[in-house]
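Input: a single structure, listed below in C-alpha cells.
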Amino acid sequence: MKTEKCNPHNDRDSLEVTREQRRGAIKKLIDLNPEIKRSDLWRANQRDYEWLRNNDQEWFDTFIPPRQNLKTDWKKRDKDWLKLIRKTYEKMSEDPCNLKRISIYSLFNEAGLNKNQIYLHKEKLPQTMNFLNENIETMNDWRRRKIDYAIKNLLAEGKLPSMTTIQKEVGISDKEFKKHVKYVEEVLHQYNRI
C-alpha cells in the first residue's frame, strides 16, 4: 500500500482554491444585486458568508456591504404600536365569537407583530405596555367570558344550562370549574335559570 507524504504546498493550494471559490460566489451575488444587505447576502449563501467572515476577515470587511445602522425611533414605534394594538384589542373584544384569551401574545399575533420585541424593549414602549397591562385578560377573566358565552349559546339553542353542560361547553377541568361555580350561579340567576 502506497502512503502519500504530507505536502504543505497542497494544503495551501487547496485553501487558496477554496478561498477564491467562496469569494467568487459572494462577489457574484453582490454583482447581481449591488444594493444587497448583509442579512440578505447571509440568507442567500450562509455557508460561504460565514466561512469568509471566519477565515478571510480582511477581504470580508473590504468587500461585504457595510452594516446598516438604522436608528429606531422608539417614540414613533410606541405610538404606532399602541394604535395598532388598541385597534386589535377592540376587534377581539367586540367579537362575540372570539374565545381566544386576550393576552400579549394573542394581541401581537393578531396584529402581525413580533411579540419578542415587546419583551426585549418594553422599557422603550411605555404607552404600549401601559395599555397592555390595563387590558389583557387574566385567566379568570377569560374563563368567565367563556362561561358567559357558553350560557348564552346554550340558551340560544334552547338547551337548559346545567353545571355539567356549561363546564363541558367551556372546556375546563373540574378543579378550575369549581373556582367559578359561584359566578356561574350568579349568571344563571341573571337569566332566571336558578
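The values are calculated or read from the model by the stated rules, or taken from the named source; none is laboratory data. A quick note: this is a predicted structure, and the numbers were derived from the prediction, not measured. Every residue, glycine among them, receives a Cβ derived from its backbone with ideal geometry; neighbour counts consider all protein chains shown. These accessible areas exclude ligands, DNA and RNA; they are computed on the full protein's heavy atoms, side chains included. Shrake-Rupley method; radii C 1.70, N 1.55, O 1.52, S 1.80 Å.
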- prompt: List pairs: first in segment 105-130 and within 20 Å of SER93 (Cα to Cα), second open to solvent by 80 Å² or more (accessible area, probe 1.4 Å) and in a helix (DSSP H, G or I), Cβ under 6 Å, 6+ apart or cross-chain?
  reply: LYS115/TYR105; MET129/LYS122
query: Does PHE108 satisfy the condition of being part of a helix (DSSP H, G or I), modelled with pLDDT of 95 or more, open to solvent by less than 80 Å² (accessible area, probe 1.4 Å) and not aliphatic (A, V, I, L, M)?
result: no
- line: Sole miss for PHE131 among (1) at pLDDT below 95; (2) of a type in the set (Phe, Trp, Tyr); (3) under 30 Å from ASP80 (Cα atoms) is condition (1)
task: Please specify each residue of segment 141-155 satisfying the condition of being closer than 17 Å to ASP174 by Cα and among the charged types (D, E, K, R).
output: ARG143, ARG144, LYS146
message: Quick check on my filter: what residues within segment 149-162 are loosely packed, with under 15 Cβ neighbours inside 10 Å and of a type outside the set (Ser, Thr, Tyr)?
response: LYS152, LEU155, ALA156, GLU157, GLY158, LYS159, LEU160
field: In segment 111-140, the residues that are in a helix (DSSP H, G or I), closer than 26 Å to VAL170 by Cβ and open to solvent by less than 50 Å² (accessible area, probe 1.4 Å)
entry: LEU132, ASN135
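Conditions tested, residue by residue: (1) open to solvent by 60 Å² or more (accessible area, probe 1.4 Å); (2) polar (S, T, N, Q); (3) over 30 Å from ARG145 (Cβ atoms); (4) part of a helix (DSSP H, G or I).
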{"residue": "THR62", "(1), (2), (3), (4)": "yes, yes, yes, yes"}
{"residue": "ARG67", "(1), (2), (3), (4)": "yes, no, yes, no"}
{"residue": "ASP78", "(1), (2), (3), (4)": "no, no, no, yes"}
{"residue": "LEU84", "(1), (2), (3), (4)": "yes, no, no, yes"}
{"residue": "LYS87", "(1), (2), (3), (4)": "yes, no, no, yes"}
task: Looking only at segment 89-104, count how many residues are part of a helix (DSSP H, G or I) and open to solvent by less than 100 Å² (accessible area, probe 1.4 Å).
output: 5
field: Odd one out for LYS168, checked against (1) surrounded by fewer than 16 Cβ atoms within 10 Å (Cβ to Cβ); (2) in a helix (DSSP H, G or I); (3) modelled with pLDDT under 90
entry: (3)
- prompt: For segment 30-47, how many residues are more than 15 Å from PRO66 (Cα to Cα) and in a helix (DSSP H, G or I)?
  reply: 6
